[in-house]
Amino acid sequence: MDQIQIIFILIYLLTILLSATKIVPMSVAAMIGALLTAWFGLTNEVFTYENAMGFIDIRLIFLLMGVMIVVEVAERSGLFRFGALYAVKVSRGNPSVLFVSICVISAAVSMFLSDPTAMLLIAAAMATITKLLRYDPVPYFISAMIMINLGGTSTLIGSVSNMIIGIDAGISFTAFIEYLFVCEIALWALTIFVLYMIFKSRLGEKKELPEYNPWESVENKTLFYRSIFILILLIGLFLTLENLGVGPEAVALGCAIIALALSGADPAEIFKKLDWETIFFIAGFMFVVGGLESTFLLRDISTQLFQTVGQSPLGASMATLWASGLASSAVSNIAIALTFTPIISGVAALNSAAVWSALVLGTNLGGATTPLSGAVIMMGIGALKREGISLSFAEFTKVGVITSLVQLGFASLYLIVRFNLWV
């Protein structure tokens, strides 16, 4: 490890420290890290200015902004309140039924939508539900974040890291499901059980619900139906991206423009409601990770790891699973996927369905360990903050570490049985 690598590791750790201790807001902490990364990277010629411009995935930023606008318009129509009232009515005031329902829906939605999109939609509905029943929103929000992160594991479009791995490994949409769908469903059940045991005492008490008609909460039915149309259009276009020839960010921004045009709302008021702190945090932190990648430290660590495990399929799969899982708890799983895929592709003995499946599981399961693991966690924390509740780094990490270790442990057993690795 050379001096430059040490400097960038210290910048990364400083960013995490400032974010965790809240000495400054998390968005400011990320921007401080980005500024230091740019200064030391350019002055020491680690990367060029042109390279640095590519550290921030502007497509992800546009995707977040577009979906945020659509969700804000839909929320103003009363759509999420309407859905929340129906969910409460179906649960009959039973917090356990409500909790399990939210977990399952969160995971199911994220199988077909990007995690940020799923988080925005679920967060809006949960905020309404917990307000109506006066429940502590923290257990519901944390559980939804973890389940959304888990939900996209078995589909090619479930997460950005899956897309990276699938393209590089040549794994088709159906092959993803064949290798990992059984594992994911089992992980859903196991994770919901663990989360329920952790939060059981905080879910709230069963309440007797008065008779009510959810339709009475809808003040503007025209805007309500338009919001439904826009959301169906957004989801439908996301599901058919392969045939459109454009990226998801183009779909999100296009639907956002349609939403603004059809809602009749003042755009300035909509823009004020966007979660700018989360957007700036994600942008800043991506820059820090990009600088760290430029030092080739992650590549060197990964290469050394695979040289250590040798030619054993079992050793390579377990090393891939746990190394990528633990690394994804501190570094963006997108960065981990980009780091591991060329190494696995370049080593013939490692280029197998078991090792690729291990990488998919590791990068996904490690993505909800700490608030810095991925964008969806930061978005969930941002949604809680808008409700006036501050979720500490330690509070989320305590739950995230438990669930991630349980998931990675089960995934280890699954890979051994599914691919006969003990032979």
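Values quoted throughout were computed directly from the atomic coordinates according to the rules given, and no laboratory measurement underlies them. For clarity, every value in this text was computed on a predicted model and none was experimentally measured. Here the Cβ positions follow ideal geometry from the backbone for every residue, glycine too, while neighbour counts run over all protein chains shown.
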Cβ density ranking, 10 Å radius, fewest first, applied to Glu277, Glu178, Glu269 yields Glu269, Glu178, Glu277
Lysine pairs with alpha-carbon atoms under 22 Å apart, the chain, spacing 8 or more or separate chains: 16
What whole number of Å gives the distance from the Cα centroid of region 39-80 to the Cα centroid of region 130-169? 19
Looks like region 215-329, by Cα gyration tensor root eigenvalues a ≥ b ≥ c and the a/c under 1.5 rounded cutoff (else prolate when a/b is bigger than b/c, oblate otherwise), is prolate
Which of rounded, prolate, oblate describes region 145-246, given a ≥ b ≥ c as roots of the alpha-carbon gyration tensor eigenvalues and a/c under 1.5 marking rounded, otherwise prolate only if a/b is larger than b/c? oblate
Computed over the chain: relative contact order in percent, which uses C-alpha pairs under 8 Å that are six or more apart: 25
Assertion target for Val138, Val417, Val376, ordered by fewest C-beta neighbours within 10 angstrom first, is Val417, Val138, Val376
Residue-averaged 222 nm ellipticity for the chain, from DSSP H runs of 4+ at -39500 (n - 2.57), nearest 500: -24500 deg cm²/dmol
Nitroxide proxy distance, nm - points 7 Å out along Cα→Cβ at Ser312 and Lys272: 6.2
What's the exposure ranking of Met318, Met119, going from fewest to most Cβ atoms within 10 Å? Met318, Met119
